[in-house]
Amino acid sequence: MNRPLSASPRFDSNRAWLEASGAVNANRDALIALAGVFIALPAFALTVLLPQPEPQPGADMDAAMELAAVYFRENWLALVALGLLSTLGTMAMLTLFGHASRPTVGEAIRKGLAATPIAILAQMIVGFVMTGLVLAPLSLFSFAGSKALAMLGLTAGLVIAAWFWTRTSLTTPIIAAETRRNPLAAVQRSFALTRGNAGRLVLFLFLLVLAFVIAGQVLQWSVTLLVQLVAGPDAGTITGALISSMVQAAMAVYLAAAMTSSYRQLDGASQPGPFG
């Protein structure tokens, strides 16, 4: 599905949100099944069965990083499995939102499974480039031997990497909706669609994630504290893990819908209104 490159329309975040929330409401039952099985349940199981250890009070950054590295070495298989399930669930939701054929849950899972390897390859390409964009200015500024300049280089690299991520953020909805089998072509297509709209798009996605993070933290903290007071610390821990996994699932659903609505809008081939 190749179209001639042209200037993308101006991105309207209000329209994107209205379309995304309308799509979520229209597909609520299917999304509960997909997000519950592929995101919420695995995340809850990992948190309860393989909890990540907390650094000791007063531990420095090196000690915290070493603790995280040990945790990953000991549990890498479970973490990779969780990542694969999450990617599959996300691609199934993007397929549910993005396909004009209005697939069933089973069809969305099958199509999402077929698209998952392509999405992983595309994410690896994006991740490799982003790593280079961070390391290049960091290494360049570090040659001067100044910590201040090294921090400046790191900051510059992170800003450039964030810009690159924004330009490639529509890669997965493109893979799902256009059934592309070339990950590099999907990345290039995302670059074309986001031309001139990177700032508005990143602000929209950032505010969406921030809203879920803040609301999730407040909800998890308040409910966990209440359960701990009533039923004890173990019940509070399990409740906190359950709420955290549910918030992750809800955020994944709305992000998938938001990214699909953004893709449809910048693609210029869709009309305003709910989709999915």
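Since every read-out is calculated from the coordinates, none of them should be taken as a lab result. No experiment lies behind these values; they were computed from the predicted model shown. Note that we place each Cβ from the backbone using ideal geometry, even for glycine, and neighbour counts take in every protein chain shown.
Put +1 on the Cβ of every Lys and Arg and -1 on every Asp and Glu Cβ in region 20-97; which of LEU50, PHE38, ALA81 then has its Cα farthest towards the positive end of the dipole? So the residue we want is PHE38.
Of the options [x] 40; [y] 70; [z] 49, only one is percent of Cα pairs over 29 Å apart as computed from these coordinates, and that is [x].
Simple point charges give the picture: +1 on the Cβ of Lys and Arg, -1 on the Cβ of Asp and Glu, and for the chain a dipole about the Cα centre of about 1120 debye. Once you've got the GNM for the chain with C-alpha springs shorter than 10 Å, pick whichever of VAL247, VAL70, VAL227 has the biggest mean-square fluctuation. Result for the chain, Cα springs under 10 Å: VAL70 fluctuates most.
Of LEU242, ALA162, LEU184, which is farthest on the positive side of the dipole of region 135-276, counting Cα position, with +1 on Lys and Arg Cβ, -1 on Asp and Glu Cβ, and the Cα centre as origin? The listed residue farthest towards the positive side: LEU184.
Annotation: average projected area of region 106-234 is 12.7 square nanometres, based on the convex hull of Cα atoms across all directions. Ranking VAL209, VAL227, MET259 by Cα position along the charge dipole of region 133-276, where only Lys, Arg, Asp and Glu carry charges on their C-beta atoms, puts MET259 farthest toward the positive end.
Our estimate of slack between TRP221 and LEU152, defined as 0.36 nm per intervening residue step minus the Cα-Cα distance, is 21.3 nm. Listed by Cβ neighbour count within 10 Å, with the fewest neighbours leading, TYR71, TYR263 appear as TYR71, TYR263.
Taking ASP62, ASP234, ASP29 as the candidate residues, the one with maximal mean-square fluctuation in a Gaussian network model of the chain, Cα springs under 10 Å, is ASP62.
Just checking the listed ones, ALA81, ALA23, ALA69: in the Gaussian network model of the chain with Cα springs under 10 Å, the one fluctuating most is ALA69. Rounded to 0.05, the FRET efficiency of the LEU135 and ILE214 pair, given R0 = 25 Å and the Cβ-Cβ distance, is 0.20. Here is what passes the span test in the chain: the DSSP H helices with alpha carbon length of 20 Å or more along the helix axis and a Kyte-Doolittle mean of 1.6 or above are 198-231. By the helix-only formula, in which each DSSP H run with n ≥ 4 contributes -39500 (n - 2.57) and the sum is divided by residues, the chain has a 222 nm mean residue ellipticity of -27000 deg cm²/dmol.
Here the simple spin-label model places points 7 Å from the Cα toward Cβ, and for ALA144 and LEU79 these points are separated by 3.4 nm.
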